[in-house]
Amino acid sequence: MYASTALSPLYVRLAALMSAVALTACGGGGAATPDVQDAGQVADAAAHAASAPSARTPAPVASSPATKSPAPAPAPSPLPAPAPAPAPVQHAQRPVGNTGVGFFTIGRRLYDANGMEFRPRGVNRVHWDNGSVGLPKSGAAVERIAIDFNQSTTTNLNIIQNQMVAYQIVPMPGNWNGTCNSDPAVLSAIVDTWVAQAAAWKTLDRYSIINIANEWGPPNSTVWRDSYITAVARMRAAGYTGTLAIDAGGCGQDANDLLNYAKAVLASDPQKNLVFDLHIYGYYEDPKVKVWTFDLETTLNQLGSLGVPVMIGEFGPGRNIGPSATLVTPQRVISLAEKNGLGWLAWAWDDNNLPNCRADNNWFSLTLQCGTYNSNADLTLFGLGIVPALQRMAVKATSFN
């Protein structure tokens, strides 16, 4: 996903249509399937990309923009929470060949540093520049955060240590500089940054999952496969032994990258320690109607039986809100993720669409005021569905013990 911007809906749609024409004429910049070459899906991806800021990092709180989506139909009542899932009981020994001290994977399961099975359930966070003091009360077990690599490593690690690790929340720092980009050189530059800062980030090995690049890569493409094989090899050579998260291409939404190529990327990893990340927005219908979309239930069933670790790293409020809009509901995403043993992270705790870091029910924030949470009165409709589910279902990693 992207941080909020000041682009108007008309600008976003025009940019999408212009990009669709250009991408279709050029073949989309990768080994795309006929589905992805359909103008509807390309336009959807272009709208997703056009709404992202050039730096792909959150704007400072003081300059939070005005909304860029029209008000939807009257909001429904708060989302019903899905049935509780059983707590993980699986315990495993670290595999031979895995030399890390933190999270590791076996088959389709993720385990924490003590060998206890761990299902990522949590939220995304947009504002590194705001403490989001209410987030620890949300029940989230994982916090995926857009890191500003223009800040010093000391600043970034202090955020992780003091605002996540101190509250036994698994940090999932990521680089947003490649959002909706398919150029291998961009991914290579992102890895350059991780490699240069390896000494600092490795101090968090026991507790963290590193998200190499948010939503980078072409859809259903060997370019995605080969670029990530190279990226993983470079990360391992730099000393990263922990779990690395890899987003699908096609702005994070193309399940075919994972279904067709995730096993090859995992097989290339000397640590065999990767988790793959799919984002659920406008590419998905439930059930599928448009020719170019994915059927939500079919896709998550396929990913659940793929045999590699997969999580839903982003999903929004549904209700046709925002660019890359969908009617898929959050409770449906959670229900199918739980059915298939997939982790899930809602987007986002603090994705404000109003000035002064405020939000309403017409956007993607779980909270009304920049991450503040003391009671249900501080939550949007989206938050009223997600937070109780987290408080009931999310199980903390034992790595902090």
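The values are calculated or read from the model by the stated rules, or taken from the named source; none is laboratory data. Fair warning: this is a prediction, and the values are worked out from it, not measured in the lab. Here Cβ is always computed from backbone atoms with ideal geometry, including for glycine, and neighbour counts include all displayed protein chains. All accessible areas refer to the heavy atoms of the entire protein, side chains included, with ligands and DNA or RNA removed. Shrake-Rupley method; radii C 1.70, N 1.55, O 1.52, S 1.80 Å.
Being touching a residue at least 60 places away in the same chain (Cβ under 8 Å), in contact with a Gly (Cβ under 6 Å, 6 or more places away or on another chain) and open to solvent by less than 40 Å² (accessible area, probe 1.4 Å) is the requirement here; does Ala146 meet it? For Ala146, the condition - touching a residue at least 60 places away in the same chain (Cβ under 8 Å), in contact with a Gly (Cβ under 6 Å, 6 or more places away or on another chain) and open to solvent by less than 40 Å² (accessible area, probe 1.4 Å) - is not met.
Considering region 234-250 alone, what residues qualify as being open to solvent by 10 Å² or more (accessible area, probe 1.4 Å) and in contact with a helix residue (DSSP H, G or I) (Cβ under 7 Å, 6 or more places away or on another chain)? Of everything in region 234-250, those that are open to solvent by 10 Å² or more (accessible area, probe 1.4 Å) and in contact with a helix residue (DSSP H, G or I) (Cβ under 7 Å, 6 or more places away or on another chain) turn out to be Arg234, Ala238, Gly239.
So that you can scan it fast, the table gives a plain yes or no per residue for (1) closer than 27 Å to Met116 by Cα; (2) touching a strand residue (DSSP E or B) at 6+ places or on another chain (Cβ under 7 Å):
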position	(1), (2)
Phe315	yes, yes
Thr326	no, yes
Val333	yes, yes
Thr372	no, no
Ser399	yes, no
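Among the residues of region 224-248, just one is touching a Pro at 6+ places or on another chain (Cβ under 6 Å) and free of Cβ contacts under 8 Å to residues at least 40 places away in the same chain, namely Arg236.
From the list Phe294, Phe382, the lone residue that is without any contact (Cβ under 8 Å) to a residue 60 or more places away in the chain, of a type in the set (Phe, Trp, Tyr), on the phi < 0 side of the Ramachandran plot and in contact with a strand residue (DSSP E or B) (Cβ under 8 Å, 6 or more places away or on another chain) is Phe294.
The set of residues in region 119-140 being in contact with a helix residue (DSSP H, G or I) (Cβ under 8 Å, 6 or more places away or on another chain), outside any strand (DSSP E or B) and at pLDDT 95 or above consists of Leu135, Pro136, Ser138, Gly139, Ala140.
Based on what the data block shows, is Asn156 outside any loop (DSSP other than H, G, I, E, B), open to solvent by 10 Å² or more (accessible area, probe 1.4 Å) and free of Cβ contacts under 8 Å to residues at least 60 places away in the same chain?
Details: outside any loop (DSSP other than H, G, I, E, B): yes; open to solvent by 10 Å² or more (accessible area, probe 1.4 Å): no; free of Cβ contacts under 8 Å to residues at least 60 places away in the same chain: yes.
So Asn156 fails the test.
When the residues of region 251-265 are filtered to those that are among the aliphatic types (A, V, I, L, M) and under 19 Å from the mean Cα position of the chain (by Cα), which remaining residue is surrounded by the fewest Cβ atoms within 10 Å (Cβ to Cβ)?
Here the answer is Leu259.
Listed by first and then second residue, the pairs linking a residue in region 258-274 that is in contact (Cβ under 8 Å) with a residue 12 or more places away in the chain and over 9 Å from Arg225 (Cα atoms) to a residue that is part of a loop (DSSP other than H, G, I, E, B) and open to solvent by 50 Å² or more (accessible area, probe 1.4 Å), with Cβ atoms under 8 Å apart and 6 or more places separating them unless they lie on different chains, are Leu266/Lys272; Gln271/Thr99.
Out of all the residues in region 164-183, which are in contact with a Gly (Cβ under 6 Å, 6 or more places away or on another chain) and free of Cβ contacts under 8 Å to residues at least 60 places away in the same chain?
Correct list: empty.
The rows are residues; the columns are (1) of a type in the set (A, V, I, L, M); (2) within 16 Å of Phe315 (Cα to Cα); (3) part of a loop (DSSP other than H, G, I, E, B).
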| site | (1), (2), (3) |
| --- | --- |
| Thr241 | no, no, yes |
| Asn260 | no, no, no |
| Ala264 | yes, no, no |
| Gln271 | no, no, yes |
| Leu278 | yes, yes, no |
| Pro287 | no, no, yes |
| Lys290 | no, no, yes |
| Asn301 | no, no, no |
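For Pro72, indicate whether it is at pLDDT below 85 and either in a loop (DSSP other than H, G, I, E, B) or open to solvent by 30 Å² or more (accessible area, probe 1.4 Å) (or both).
Considered against the rule, which asks whether it is at pLDDT below 85 and either in a loop (DSSP other than H, G, I, E, B) or open to solvent by 30 Å² or more (accessible area, probe 1.4 Å) (or both), Pro72 comes out as yes.
When region 356-401 is filtered for residues that are of a type outside the set (A, V, I, L, M, F, W, C), touching a helix residue (DSSP H, G or I) at 6+ places or on another chain (Cβ under 7 Å), part of a loop (DSSP other than H, G, I, E, B) and surrounded by fewer than 24 Cβ atoms within 10 Å (Cβ to Cβ), the ones remaining, listed by number, are Asn361, Thr372, Tyr373. Condition first: of a type in the set (A, V, I, L, M, F, W, C) and over 24 Å from Arg206 (Cα atoms). Now tell me which residues in region 233-277 satisfy that. Ala248, Cys251, Ala255, Leu258, Leu259, Ala262, Ala264 - these are the residues of region 233-277 that are of a type in the set (A, V, I, L, M, F, W, C) and over 24 Å from Arg206 (Cα atoms). Taken over region 161-187, the criterion of being within 27 Å of Gly249 (Cβ to Cβ), open to solvent by less than 50 Å² (accessible area, probe 1.4 Å) and outside any loop (DSSP other than H, G, I, E, B) is satisfied by Val170, Pro171, Met172, Pro173, Gly174, Val186, Leu187.
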